[in-house]
1. Is at least one residue of the range B:137-149 among the aliphatic types (A, V, I, L, M) and more than 30 Å from B:LEU91 (Cβ to Cβ)?
2. Among the residues of the range A:90-121, how many are open to solvent by 60 Å² or more (accessible area, probe 1.4 Å), out of contact with any helix residue (DSSP H, G or I) (no Cβ under 7 Å at 6 or more places or on another chain) and on the phi < 0 side of the Ramachandran plot?
3. Among the residues of the range B:293-304, are any of a type in the set (Asp, Glu), under 30 Å from B:THR363 (Cβ atoms) and within 14 Å of chain A (Cβ to nearest Cβ)?
4. Would the range B:235-243 turn up any residue that is part of a helix (DSSP H, G or I), exposed (fewer than 14 other Cβ atoms within 10 Å of the Cβ) and not β-branched (Val, Ile, Thr)?
5. Quick check, is A:ALA137 at pLDDT 85 or above and within 13 Å of the chain's Cα centre (by Cα)?
6. Looking at (1) surrounded by 17 or more Cβ atoms within 10 Å (Cβ to Cβ); (2) modelled with pLDDT of 85 or more; (3) within 19 Å of B:ASP39 (Cα to Cα), find the lone condition where B:MET113 falls short.
7. When residues of the range B:303-357 are filtered for being free of Cβ contacts under 8 Å to residues at least 40 places away in the same chain, in a strand (DSSP E or B) and either in contact with a Lys or Arg (Cβ under 8 Å, 6 or more places away or on another chain) or open to solvent by less than 50 Å² (accessible area, probe 1.4 Å) (or both), how many remain?
Amino acid sequence: MRLLIVEDDPVLSDGLSVGLGLSGFTADPVGTLADARAALRDSDFAAMVLDVMLPDGMGTTLLAEMRASGNTMPVLLLTARDRVRDRIEGLDAGADDYLGKPFDLDELAARLRAMMRRDQGRASALLHWNGVDLDPAALTATRDGVALRLSRREFAILHALIENPGRILSRGQLEERLYGWQEDVESNTVEVHVHHLRAKLGREMIQTVRGVGYRAAGAT
Amino acid sequence: MSIRLRLFLILTLATSAIWLSAALWINGSTRAQVERVLDARLAEAANMVSSLISDQRIAVAGGPPATISMPADPDYSRQLSCQIWSLRGDLVGASSGAPGAQLAVEEGFSTTMIDGVPWRVYAVHNDALGVRVMVGDRMQVRDRLVSGVVAGLLWPLAVIFPALAVLIWISVGRGLAPLAQLEAALRARNPDDLQPLPDTRDPREIRPVRRALNSLFGRLDQVRRTERDFTAFAAHELKTPLAGLRMQAQIAQRATDPATRDRALAAIATSVDRSDRMVRQLLDLAAIDHEATPAENLDPATLLAEIAQGADMQAVGARVHLLTRAEDAPVLHAPRVLIQSALRNLVENAIQHSPCGGTVTVTASTRSGGLRFTVTDQGQGIAPEDHARVTERFWRGTRTSAQGSGLGLSITAAAVTRMGGSLHFGQARKGQSIWIDLPSGPSAP
């Protein structure tokens, strides 16, 4: 799942990218509000981690702009001052969640997953589909109780497809979920991962819609 | 004394004074008027008596003095007295109630004391009959007349005066109402409320007060906002590296490949160094803001050598040459901690913004009336539009990466201000030049 990280401190920003990467996210870091605006314009993100204080302004300003323009992307605010008033201000500005610095990597990842789950209108942390159980927190999947051995990328593609069963995702959309800006996208890599997934799950589970993309077959 | 009482006293005293002088004036003019009218009447009466004697209507013969009936005038009949004296000095006639003594010696108007009572008398000679006719009245009568007029004026005033005083008291209160409103508005304020007072339709006299108060509120608000911003920024600047440390520590713990772990550990080391510098700068700032340190005599050359030594590690690490030059600069009289903080932060800043292989030059030179320290680097320089902002605490230039704390130049600026000097930004031929002008101050022998 692709995240936009807006944080100007290089060490923390790097830590967020790498740490959230270890937790199964794809994180794109930017350091300023201007870069964040550009990124939001150009790409699609599942959620955003936003620092309150940035060199060119307040994160809450960007948040208010997004909400005013109807962008409902889940946003988690990072802030140095974790007082009640600060939290209220942040949440009122349109944040979905709030973490005071310093914070725990696992807590951040859990909050991000919860935020995105709420965004998709789901209550359960686990995804169920045609006998496949997916646990986004543990990055594990089972089929009929038997653990599936999936690579990180295969997991991400399966996760994206069964989040909205029946919805067609283009190759480009899947690539966006898989890779951040710093990673080179190899050509036909999505096809390769889908091929592997089909080998593990069965051909009929992932359907190819010719000229459009892929979708997860059948109902949940 | 309250303004109300003061105004009340001023107004009532002024009113009383005006009334008093008016009364004195009326008294004087009434007296003059009364004198003129009554004198004319005396003369008229004397001439009338004289002509009556000439017409033989009043018999003036020897023997006992004749009784003269005076012209009938209801008000003054009893008050006028008439005497007719022969030129030899015998009283030949008198009105009833006239005193026995001779009323006047001279002809015309005169004032005589008879039995201790002053009289106003008009005397006329009747040469044909050889008599003198004298008509007089008591001065008391005149005084009574005048004081009657004045009293008639003063009594109503005396009655009106308390009413007037009450009116003045109430009016002054009403007149001071805007002041009372201002006071009430101030009293009703929350101590934290530093909003300007609402721009109501004040009287002209209140407006400057309100403006002065609003400007004071504005300055206080600015100070408080700066302090609040400072805490907010300090919290952010101190906690962000902590968050980075924790993040990187967790990565190092769970990273499976050595490369990721080493990278995280290196990031931790960097973060610790930066936090250390930040804490040191915050302590510097606190020392500059609040500590009183005595001034001492400092040799600029030694000072530069110390600064160069302190910045050596950083310079070597950044591959920047650091040159110092003290051109027969005079001895500086300043607190050591201030000048050291100012120079150290300038130099660190210059090294940080220097390109690899660049040169940072620090010079001390004489300037009329003082000393100038100049730090020149070969970096990108500070954008001219940022000159005003670079000395703000925690402000980082738009051209820089997020390396610095945003405190360096604000420490320099604060220290320079404490030393009574000034900080200037200039364009070097290739890079940025910043200099500090300091007064040499009183140097001990």
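The values are calculated or read from the model by the stated rules, or taken from the named source; none is laboratory data. Remember, it's a predicted structure, so these values are computed and weren't measured experimentally. Positions of Cβ are backbone-derived with ideal geometry, glycine not excepted, and every protein chain shown enters the neighbour counts. Heads up: the accessible areas ignore ligands, DNA and RNA and are worked out on the full protein's heavy atoms, side chains in. Shrake-Rupley method; radii C 1.70, N 1.55, O 1.52, S 1.80 Å.
1. Yes, the range B:137-149 contains a residue that is among the aliphatic types (A, V, I, L, M) and more than 30 Å from B:LEU91 (Cβ to Cβ).
2. Of the residues in that region, 7 qualify.
3. No - not one qualifying residue is present in the range B:293-304.
4. Among the residues of the range B:235-243, not one is part of a helix (DSSP H, G or I), exposed (fewer than 14 other Cβ atoms within 10 Å of the Cβ) and not β-branched (Val, Ile, Thr), which makes the answer no.
5. no
6. With respect to (1) surrounded by 17 or more Cβ atoms within 10 Å (Cβ to Cβ); (2) modelled with pLDDT of 85 or more; (3) within 19 Å of B:ASP39 (Cα to Cα), B:MET113 is out only on (1).
7. Here the count works out to 1.
Residue-wise test of (1) under 15 Å from A:LEU127 (Cα atoms); (2) without any contact (Cβ under 8 Å) to a residue 40 or more places away in the chain; (3) crowded, with 19+ Cβ neighbours inside 10 Å.
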{"position": "A:LEU148", "(1), (2), (3)": "yes, no, no"}
{"position": "A:ILE157", "(1), (2), (3)": "yes, no, yes"}
{"position": "A:ILE162", "(1), (2), (3)": "yes, no, yes"}
{"position": "A:PRO165", "(1), (2), (3)": "yes, no, no"}
{"position": "A:ARG171", "(1), (2), (3)": "no, no, no"}
{"position": "A:LEU174", "(1), (2), (3)": "no, no, yes"}
{"position": "A:ARG177", "(1), (2), (3)": "no, no, yes"}
